[in-house]
Amino acid sequence: MLTGIIETKTSESQQSLSVDPPTSGLSLHGTIEIPGDKSISHRALMLGALATGTTTIEGLLLGADPRSTAGCFSQMGAQISELNEQRVEVQGIGLGQLHEPTQVLDAGNSGTTLRLMMGILASHRDRFFTVTGDHSLVRRPMDRVVKPLLQMGAMIWGRQGGSFAPLAIQGQRLKPIHYNSPIASAQVKSCVLLAGLMAEGETTVTEPALSRDHSERMLRAFGATVKVDPETHSATVVGPAKLQGQPVVVPGDISSAAFWLVAGAIVPGSELLIKNVGVNPTRTGILDALEMMEADIQLENKREVAGEPVADLRVKYSQLKACTLEGSLIPRLIDEIPILAVAATSAKGTTIIRDAEELRVKESDRIQVMAAELNRMGAKVSELPDGMEIVGGTALNGAEVDSYTDHRIAMSLAIAALKASGKTTIGRAEAASISYPQFTTTLQQICG
């Protein structure tokens, strides 16, 4: 148990987190090292398993989701050393050489693991795979990747016509397609491109807006031929490809940095330095949104690490202004909307978030949950079908709230609690460990 402002309590494998700011006020200070980027960690493990030779990974995220990816690919013949942040070695088995597993592949809570892996498995001829996930993942839609895979000639069975896990996959020789995705989704795009690695010819995905491009960057680094057309939001992979093991350095996850950016921006007197943050332009929607809200954020020590742009981020408290978040910006900050909703409660005016209906099929219905839990704390948040309307400037009060076992909800509510009067207790706060195992420790650190 941590004592003082931040306290944790564990009972029956569930953990509650209590935040009780002093009545005299609180300011946040310190330098923060954030965990490795989750999206890049997943892809490094997967491509390392599919490549020939050795892939070394520095800075791997040690959360539950990458562990699910490592576990699945270990079952299929890849040799992956013990996971740690310093150096992980993956001895690849070679593209098309994954073993047929004797057990069901369990993706846990990780939609990225399940959706990207499906593209890989569907292209492994004459092998049979079954995949599933936890109680949350089996409720999340999989038809968005099943549909394009079926167009490529895949054989997939699952609940409700292949819409939900558990799913069974019989590997086939796939054909290349040009898929016009109805949504901007890096998971859909990556699934189709990975399936196209062994298809003869060009496999292309065109999106309505640009989604994060970690797969394109890493596939190119591992030796695949990848073409990108930013004007049409299209990405193409040429198959059959050959992948060669590579050294990968994983930058800090901007989705994790987002919590501290908002904390520093809304708690009076605060100044935080967040080091080694990946600032890939397809992921910096959070910075654009906070700039629109007139947050005081500076990018320092800009550099490039293993093909990904990186910087240190310095944030200072400022009076935020309301704004409207919508359109092509949304795919670049979809994971950060819960914490942006917290920022909006401290902004002057009414913030409107639209075009974010994807939030309703994440680990929880993040629109419904954030509205309900922030309102418990005294905020004025109204649900929209595809977003939220948040009236800023209303004082928050301590309350008993719940994470709904969603890691981003748990951490967002903890940051909101820093601005509340009285104690806030967040139920099932252990969910934070899915993407940020050190979150509570870092929270205690910056609270002094």
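The values are calculated or read from the model by the stated rules, or taken from the named source; none is laboratory data. Every value quoted in this text rests on a predicted model; they were computed, and no experiment measured them. Note: ideal-geometry Cβ built from the backbone for every residue, glycine included; neighbour counts use all protein chains shown. SASA here: full protein model, heavy atoms, side chains in, ligands and nucleic acids out. Shrake-Rupley method; radii C 1.70, N 1.55, O 1.52, S 1.80 Å.
Annotations
- Looking across region 17-52, the residues that are of a type outside the set (Lys, Arg), in contact with a strand residue (DSSP E or B) (Cβ under 9 Å, 6 or more places away or on another chain) and over 25 Å from residue 272 (Cβ atoms) come down to 44, 45, 47, 48, 49, 51, 52.
- Residue among 434, 415, 409, 426 that alone is among the β-branched types (Val, Ile, Thr), open to solvent by less than 10 Å² (accessible area, probe 1.4 Å) and over 16 Å from residue 20 (Cβ atoms): 409
- Residue that is modelled with the lowest pLDDT [pool: residues in region 271-311 that are on the phi > 0 side of the Ramachandran plot and in a loop (DSSP other than H, G, I, E, B)]: 306
- So residue 227, is it open to solvent by 50 Å² or more (accessible area, probe 1.4 Å), in a loop (DSSP other than H, G, I, E, B) and over 25 Å from residue 341 (Cα atoms): no
- Elements of type strands (runs of 3 or more DSSP E) in region 1-54, at least 2 residues being touching a residue at least 12 places away in the same chain (Cβ under 8 Å) and under 27 Å from residue 305 (Cβ atoms): 29-33
- When we screen 125, 144, 140 for residues that are touching a residue at least 24 places away in the same chain (Cβ under 8 Å) and open to solvent by 50 Å² or more (accessible area, probe 1.4 Å), the only hit is 125.
So that you can scan it fast, the table gives a plain yes or no per residue for (1) under 27 Å from residue 49 (Cβ atoms); (2) open to solvent by 60 Å² or more (accessible area, probe 1.4 Å); (3) in a loop (DSSP other than H, G, I, E, B):
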{"site": "223", "(1), (2), (3)": "yes, no, yes"}
{"site": "235", "(1), (2), (3)": "yes, no, no"}
{"site": "242", "(1), (2), (3)": "yes, yes, yes"}
{"site": "256", "(1), (2), (3)": "yes, no, no"}
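- Taking region 55-83 as the range and being of a type in the set (A, V, I, L, M, F, W, C) and not in a helix (DSSP H, G or I) as the test, the residues that pass are 57, 60, 61, 62, 76, 78, 80, 83.
- Looking only at residues of region 95-122 that are in contact (Cβ under 8 Å) with a residue 60 or more places away in the chain and assigned to a loop (DSSP other than H, G, I, E, B), we find that the one that is nearest to the chain's Cα centre (by Cα) is 110.
- Residue 314 being among the basic types (Lys, Arg) and closer than 26 Å to residue 57 by Cα: no
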